[in-house]
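The values are calculated or read from the model by the stated rules, or taken from the named source; none is laboratory data. Please read all numbers here as calculations on a predicted model, not as lab measurements. As a convention, Cβ positions derive from the backbone with ideal geometry for all residues, glycine included, and neighbour counts pool all protein chains shown.
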Amino acid sequence: MKLKWEGAQAALLGVALAAATGCGTLSEYTTFPPSADDRVERAMRDSLTFYASFDRGLNADFAKGDPILYSAPSSGERNAGVALPGLPGEGHVEALLGQGRFGGSLQWTKKAKPVVFFRGPENMGYRPEDWSASVSLWMRIDPDEDLEPGYCDPFQFVGEAWGGGAFFIEFTKANPRHFRFVQMAITEIWNPTGAKYEAIPLGQRPLVQVEDLPFRSEQWTHVVFTFEHANTGQKDGVGRLYLNGEYQGAIAGFNSKVGWTPDKAAINLGLNYIGGLDEIAVFDRALSAEEAKLLYEADEPFGEWAD
């Protein structure tokens, strides 16, 4: 009978048994506790709500909600329920085999009106009270060279109307481009005077801005953003941004309440974007800095080591 006893006592007992019997090995008599990395990976698997590798097609590999990738002629028509499975017929988004971070990926080739999205709210782990989540994804782009003029949002959590709040990453509208994670509540909450967005001092906007950018057209850049305590109605919202495993800054002290009809919520991809997007994972809690770094340093798709 093999003994199952974790810790140092089990290791000592295993050595004694192996020595006394003259046969067997330490591993036959003991089970060691999981490593720190094993525990972190298990915690990430348990909190996963959505994962799309684009290695086996357009649809999500794992989804707590609808796994199908949709497109619609515009955001308004998406809200109205006018959407079809698959990419837009205009051809400005392509599924590329073997050109992603690990396998396949999506590539936007020009700025266009149609929207590409996955449905929420289950895929984003949405909760009407005290909502926390994280997003991990890879991007390949040189924003100053590749983007057309105007704002660009490669990834968004959105409801049916912009004034109801959104959580998104964006490139600013002109060169030299800056990169931001924005944790935007209902407009009346964070901008009660209706001031123009860029007229509001940076420190009074719910965002993290990065000016020295690592993005390149010939390499993949890893992005993680996290947020905590959305929909509490209090000024306790916290958001963090990581690029290539490195902490970039935080949003704190804002009321992060959104005004969504949950079944209208969506994960929007590639708004005004021109570049590659791959390995999208969503978690139902805020990942730690250790977890963000582990995702960046992984040498295989998340789906492989998360199985």
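A few points about this structure:
- Checklist (1) more than 20 Å from ASP263 (Cα to Cα); (2) outside any helix (DSSP H, G or I) applied to ARG42, failing item: (2)
- Residues that are basic (Lys, Arg) and surrounded by fewer than 23 Cβ atoms within 10 Å (Cβ to Cβ) do not occur anywhere in region 240-255.
- Odd one out for PHE254 among (1) out of contact with any strand residue (DSSP E or B) (no Cβ under 7 Å at 6 or more places or on another chain); (2) more than 28 Å from ASP61 (Cα to Cα); (3) among the hydrophobic types (A, V, I, L, M, F, W, C): (1)
- Residue satisfying all of: in region 49-69; crowded, with 21+ Cβ neighbours inside 10 Å and aromatic (Phe, Trp, Tyr); nearest to ALA266 (Cα to Cα) among these: PHE50
- Restricting region 288-307 to residues that are closer than 18 Å to ARG101 by Cβ and among the hydrophobic types (A, V, I, L, M, F, W, C) leaves a set whose member that is modelled with the lowest pLDDT is ALA306.
Yes/no matrix, rows are residues, columns are (1) out of contact with any Asp or Glu (no Cβ under 6 Å at 6 or more places or on another chain); (2) crowded, with 22+ Cβ neighbours inside 10 Å; (3) assigned by TED's automatic domain parsing to the domain that holds LEU287; (4) within 26 Å of LYS113 (Cα to Cα):
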| position | (1), (2), (3), (4) |
| --- | --- |
| SER134 | yes, yes, yes, no |
| ALA161 | yes, no, yes, yes |
| GLY165 | yes, yes, yes, yes |
| GLN183 | yes, yes, yes, yes |
| ALA195 | yes, no, yes, no |
| ILE200 | yes, no, yes, no |
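- Residue match in region 90-109 (condition: in contact with a His (Cβ under 9 Å, 6 or more places away or on another chain), within 23 Å of ALA72 (Cα to Cα), modelled with pLDDT of 95 or more and part of a loop (DSSP other than H, G, I, E, B)): yes
- Among the conditions (1) of a type outside the set (A, V, I, L, M); (2) over 15 Å from the mean Cα position of the chain (by Cα); (3) closer than 23 Å to GLU211 by Cβ, the only one that GLU90 does not satisfy is (3).
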